[in-house]
Structure formats: structure tokens, C-alpha cells
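In what follows, a single structure is set out as C-alpha cells and then discussed.
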Amino acid sequence: MAFFVISAVTALIAATLYSMSGTTRFVPDACRNAGSYLPAHVVGQDLAIRQLVDAVCEHLAEPPPGVSPSAARAVAPRKPLLISAHGPPGVGKTFTHTLLARALYNRDPAAAGECPGDGCKGAKVLYGMSYLESDRASQLSAVRDAVLDHLRSTSNPLLVVEEYDKLDCESRGMLRQLVRHPELSNASMSRAIVLLESNLGFLDLEAMLTAAGGNKSKITAEAAESTLRQVVLQQWRRKPCESLEDTLAFASAIDFFLPFFPLTRQEITALMRTELHEHYGPRLRALGASLLPEPAAVSWLVERVDFSGDSYPLEGAKQVSTVCVKHVSRLRR
């Protein structure tokens, strides 16, 4: 009887813990959340999102029945999941890691609070680690201490490093040591997810997409990964911070290179419709009006976006909201 009482109390505590917004633990439904939430909100990046979800779900998978976690680690020691995401600005990289944080740390991602922030306390984002020469040592030390403190105090951390290709040698060395030798951090990182983000390689991805006639489904994960890996290696060797052996070892530690392709005109059109329905529709309904844009009106708005020639938007999805502000926002006032 006591066993059942203890089990019930344990289950109640777990349910309370995971129902709280902002937990530092991945919720039990993290894989399912990511698999439904990310594809429903990220437009035009099916290949990257599919690989990201598969990688996260595999990383978080429990050992097979009858195999204890310690036994599983003894056979195949766990390391952080290391993913490198590449593509031009404005195509969904930052949006994706924000959605991923919501999915990992909240039972209901849509109802999550600020992410990163109180709604996703397990996530930490570094927005750049290049410093002025005079302040480099002290600032790098402060960042290193903050990262290690986060990893040591967070049960299941998500660490995002934006523009990682621009890291100076000291910062890159810190990151290399962290991902290649996580045991040196004195933190448990077996379930950690490290997401590196960069614009590096966006011209190569644009060339791949153009060669495929704008059809992203024709581009394989292997082809995109091979291209991005070579681009990263070339960049690192152009400004070497370590031996070639260490550079190759760092690159090999990256589990997945995710391609975030330029958005197409069709995808910008879909995003324009979403912006109208989700941002302006509710406001007009509150005023007793409605918004039912004709296809011709949506096309007219899309034409206000700056495209490179007749192919890809110069600023990704950034201009979708600004175009609507210029030409639609007045309708609700």
C-alpha cells in the first residue's frame, strides 16, 4: 500500500513540475511537441525541420526496455547533440530555436511564456562572442563562467550560439573544448542540445536551390550537409586557430548540418496570408469588422517585397511584417 502511495505522490510531483512554465527539464512530451509544433509554424524549411526533429527525438529517446541508463551509457557514452544551422538572414533559424525551446520545456508550447526567458529557463542564447581587444579577456571569461554556470545548474540545457562562424580564436577554443570534452565542464551534458547558427554558406544553398529549379524537395540531406561541411572547414582553415587535426575533429563533432534555404515567392505569399490572418484578423474582429483578403490583394502585397531578380527575397521574411504595416495597419485604425 505504501508503495502505491509513494508512487502516486511521485507522479503528482512530476506532473506539477512539468506543468510549470519555465522548467529547466525537458518535458516528457518534448519529442512529440517538437514533431508537431515546429513543422506547423516554420515555412519553407521542411528538410531542416525534419532532420532537427528526428535528431532531437533520437537524442532524448530512453534506453530500450530492460537496459538501465547507466548500462546504455557504458556501451555508448552520451555526448551533447551538436547541430549546425546555416542559411541567409530572415529564413527561420532564430525562429526555429525559439520554437524548439518552447517545445522542449513546456507541456503546451503555444502557451509558453517568453522564450528565451522565464518560459524556457533551460535555454541560453549567445548572440555573439567577438570582443574589443582591450576587453576580450575579461568578457570571454565572463561568458565562459555564465555558460558553465548555466550548464551546471540546468538539468537539460539547450545552448544556442548565433554567428558561431565569426568567433575569435579564444571563443572558438572555448566552444571546441566544451563540445569535444564536456566532462571538463564538471556538468552533465549527456542530454544537452547545442545549436550553432550561422549565415555562412547561404550563397551555396541559394545556388543549390537555383540548380534544383527552386524545388527544395529535389535536394537531399546528404548533398546539403556535404556542401555546408566543406564551407565551414574552408572558413576555419582560412583563419586557422588550431591545428588541422583539431579543426577536423571539431567539424566531425557536429552531428548535423541543417540547410535553411532562401524563401521562394510562393512561401512569401503563404507568410503574407498568415501575417494578415493572425496579426490583423483578430484586431479587426474586435472592432466588429473582418479581413478576407482577395488573392489579388495578397499578390499585390507580395510585389512590395524586394526580390533578388525574380527569385528570392533579399531579406527573407523580414519585409512581410513591414509591408503589412505600410499598407494594411491603417485599416484597423
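All of the numbers you see were taken from the coordinates with simple rules; none came from a lab. Remember, predicted model here, so these are calculated numbers, not experimental data. Methodologically, a virtual Cβ is constructed for each residue, glycine included, from the backbone with ideal geometry; neighbour enumeration extends over all protein chains shown.
Odds and ends about this structure:
- Least to most buried among 189, 272 (fewest other Cβ within 10 Å first): 189, 272
- Farthest positive-ward along region 265-332 dipole, Cα basis, beta-carbon charges - from 307, 268, 279: 279
- Extending 7 Å from Cα along the Cβ direction at residue 315 and again at residue 58 yields two label points whose distance is 3.8 nm.
- Whether region 187-262 is rounded, prolate or oblate, judged on the alpha carbon gyration tensor where a/c under 1.5 counts as rounded: oblate
- Neighbourhood charge, 12 Å Cβ-Cβ cut-off, centred on residue 267 and excluding it, Lys, Arg +1 and Asp, Glu -1: +2
- Sorted by Cβ density within 10 Å, fewest first, the residues 304, 172, 330: 330, 304, 172
- Residue pairs, from the table 93/121; 166/318; 166/218, whose Cα atoms sit over 28 Å apart: 166/218
- Each of 233, 244 was scored by other Cβ atoms within 10 Å of its Cβ. Arranged with the fewest first, they read 244, 233.
- A Förster distance of 35 Å, applied to the separation of the beta-carbon atoms of residue 325 and residue 212, puts the FRET efficiency at 0.55.
- Only Cα pairs under 8 Å and 6+ residues apart enter the sum, and on that basis the relative contact order of region 265-332 stands at 41 percent.
- Proximal charge balance of residue 114 [Cβ under 13 Å; K/R count +1, D/E count -1]: +1
- Pairwise centroid distance, computed over Cα atoms, of region 190-241 with region 311-332, Å: 28
- With both labels modelled 7 Å from their Cα along Cα-to-Cβ, the residue 146 to residue 303 distance reads 4.7 nm.
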